[in-house]
């Protein structure tokens, strides 16, 4: 029963990490799959929290009382992760093609979505590092075999030599786990950084376009500046995946609906 519990927790945790990592590859998944993946990750995160509900309730009751410093650190980290996933989910739904909302602050919401994803990814790596001992132990119990001497089969005379080897093995396992997840997260985050930069550039371009246009309204007449620029969409999308109406017929890297006509 305990082994099945280890496997279940490992499967959920691994699924959350892989799914979260894959969500950064928008050009690979496409917008539709990205949105469904986000909803699935939110549901899996809630289920993960429910599995640890008793621990959460116990630490919540004793947070300012008699509880360990380690439990407080884990609790604060989990609160930050919950806030991060909540912000990712809410902003993702608001800018999704499902709702297709005409938002005045679309660029700001997109920026919050990208940066909350990046910061939450960093917190995930920290959580994996703090729980690396349990993860490696659960992996060993679930899929590996106990080594001779690791479970107390070493004689009293051999214990002093076996202890350093066991410590070195645990250190190597820690470095391997954190190294792999850390590098994978850095690769995923590198995919999101251009989107964050372009979101900032889109806001600046939109503000510049708004300041360069003067529209005088008199009765039924409205006139633009000498450029005659009319922007049909102010979302500032600069690459596919941010809006289902995105088109780029002139291949200049900007959505046609956000350019002058």
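I'd like the FRET efficiency for residue 5 and residue 32, computed as 1/(1 + (r/R0)^6) with the beta carbon distance as r and R0 of 35 Å, rounded to 0.05. With a Förster radius of 35 Å, E is 0.50.
The range 48-101 and the range 1-31 have Cα centres spaced 17 Å apart. A simple spin-label model places the labels of residue 249 and residue 101 3.1 nm from each other, with each point 7 Å out along Cα-to-Cβ. Reported value for the range 52-126: 115 Å³ per residue, from the convex hull of its C-alpha atoms.
Model label points for residue 131 and residue 71, set 7 angstrom from Cα along the Cα-to-Cβ axis, are 1.7 nm apart. Per the Cα gyration tensor, the range 1-134 maps to an equivalent ellipsoid with semi-axes of 30, 18, 13 Å, ordered largest to smallest.
Taking a ≥ b ≥ c as the square roots of the eigenvalues of the Cα gyration tensor, the range 4-55 is prolate, since a/c reaches 1.5 or more and a/b is larger than b/c. The residues 246, 47, 75, when put in order of fewest to most other Cβ atoms within 10 Å, stand as 47, 75, 246.
Quick note: the coordinates plus some simple rules give every number you see, no bench work behind them. Computed from a prediction, not measured in an experiment: that's the story for all the values here. Here Cβ is always computed from backbone atoms with ideal geometry, including for glycine, and neighbour counts include all displayed protein chains.
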